[in-house]
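See structure below.
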Amino acid sequence: MKKLYCDKYDSKMVSYLSLFLYDDIRILLAKDINQKVVAVHTWNLLASAEKPISQVWKDELYKLDVPTKVFVHNQYFSLVPGAVFNPDFLDVYLSFSGDLAFGLKTFYTSLDSNNIQLVGGMDTKLFQLLSDGKSNVVFHHGASSFLSYCLNEKSKLLPQEILIYLFDKSFYVSAFNKQGLVLFNKFNAKTKEDLLKYLFGITSQLGFDRKHCRFTVFGKHGLFEIKTDWAMDYFKNFKIEQIHFNQSYQPGTESFAKTNHFESHWETA
């Protein structure tokens, strides 16, 4: 099922595309020359008997040969310090995350002024399908937007900080000690009790003090029925926040900015 946040647009206005591939949803943003969103297409996998990914590369927007960024949310990613990074060893870096599927196409994203490289991978056939007809397409792991946001905010962080982005019965977690990144990972969680177990474990593993560490949640907290007063029984400093904006919208597309998708507010530059 495809949802249009703006079905009236001139394809001549479209200068850039950004595609976000989640397990449960696909999101395609079309932007003008000033990087303002002029149209949004989404495909809900849970509400469709078809395979929405096949609809994406056939979509009239995605067929446009304009600079395109594809963000892939999957289990294939690894962080590498910029000081030791070598792009010739992407497969080696990615193997640190676990067993790799056969036929992965690897790529990487530079973050924090090249101090961190986020290496990702995806199925080679899907990579080729999404690249066909594109003279300028760049792939990123989906975690790059959330991690870039966290790194952008690090000067404002307390000595102990844990930031969480909830989505698709999963979450990314980013932990900082004295404004330095000490942990980044993705976990699956079906309930708020699952989330609680992970947060207790992460806090203990890092030696953080639950009375002083600040926990900030972004994203689809409604799916987990999480409220601030629930968390205060376990953590002294817990808040549910909205992401700052680096996305901007043309009239008619602003309703997408009200969703809890991280990329509706913030996208890796």
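The values are calculated or read from the model by the stated rules, or taken from the named source; none is laboratory data. Just so it is clear, the structure is predicted and the values come from calculations on it, not from any experiment. In this analysis, Cβ positions are derived from the backbone assuming ideal geometry, glycine residues included, and neighbour counts consider all displayed protein chains. What goes into the accessible areas is simple: the full protein's heavy atoms, side chains included, and nothing from ligands, DNA or RNA. Shrake-Rupley method; radii C 1.70, N 1.55, O 1.52, S 1.80 Å.
Over the chain, DSSP H runs of length four or greater, each weighted -39,500 (n - 2.57), average out per residue to a 222 nm ellipticity of -5000 deg cm²/dmol. Surface composition of the chain: carbon plus sulfur atoms hold 50% of the accessible area, using a 1.4 angstrom probe and ignoring ligands, DNA and RNA.
Can you give the local net charge around Y198? Use residues other than it whose beta-carbon is closer than 14 angstrom to its beta-carbon, Lys and Arg +1, Asp and Glu -1.
Values: positive: K169, K186, K190, K192, K197, R210; negative: E193, D194.
For residues surrounding Y198, the net value is +4.
Can you pick out the pairs among K58/K258; K36/K105; K192/K227 whose Cα atoms lie more than 20 Å from each other? Check vs 20 Å cut-off fails for K58/K258; K36/K105. Using the 1.4 Å probe convention, the accessible area of the stretch 63-221 works out to 47 Å² per residue with neighbouring protein chains retained.
In the complete set of protein chains, residue-level accessible area for D112 is approximately 40 Å², probe 1.4 angstrom.
Restricting the calculation to Cα atoms, the stretch 79-119 yields a radius of gyration followed by a Dmax of 10.3, 32 Å. When DSSP beta bridges are restricted to pairs lying wholly in the chain, around 65% turn out antiparallel.
Over the stretch 101-197, the hull volume per residue, using the convex hull of the C-alpha atoms, is 130 Å³.
Give me the tail of P(r) for the stretch 27-130 as a percent: Cα-Cα pairs with distance above 19 Å. Across the stretch 27-130, Cα pairs with separations above 19 Å total 56 percent. Name the residue, out of G82, G219, G120, whose mean-square fluctuation peaks in a Gaussian network model built on the chain with Cα pairs under 10 Å. Comparing G82, G219, G120 in the GNM, the peak value goes to G82. Dipole size of the stretch 166-209 about its Cα centre, with +1 on Lys/Arg Cβ and -1 on Asp/Glu Cβ: approximately 80 debye, rounded to the nearest 20. Per the Debye formula on identical point scatterers at the alpha carbon atoms of the stretch 138-269, with no solvent, log10 I(q)/I(0) at q = 0.11, 0.13, 0.16 Å⁻¹ is -0.38, -0.53, -0.81. The Cα trace of the chain gives Rg and Dmax of 18.7, 54 Å, the first to one decimal, the second as a whole number. Take the chain, connect every pair of alpha-carbon atoms lying under 10 Å apart with a spring to form a Gaussian network, then pick out the residue of S135, S144, S78 with the largest mean-square fluctuation. Evaluated over the chain, the most mobile residue of the options is S135.
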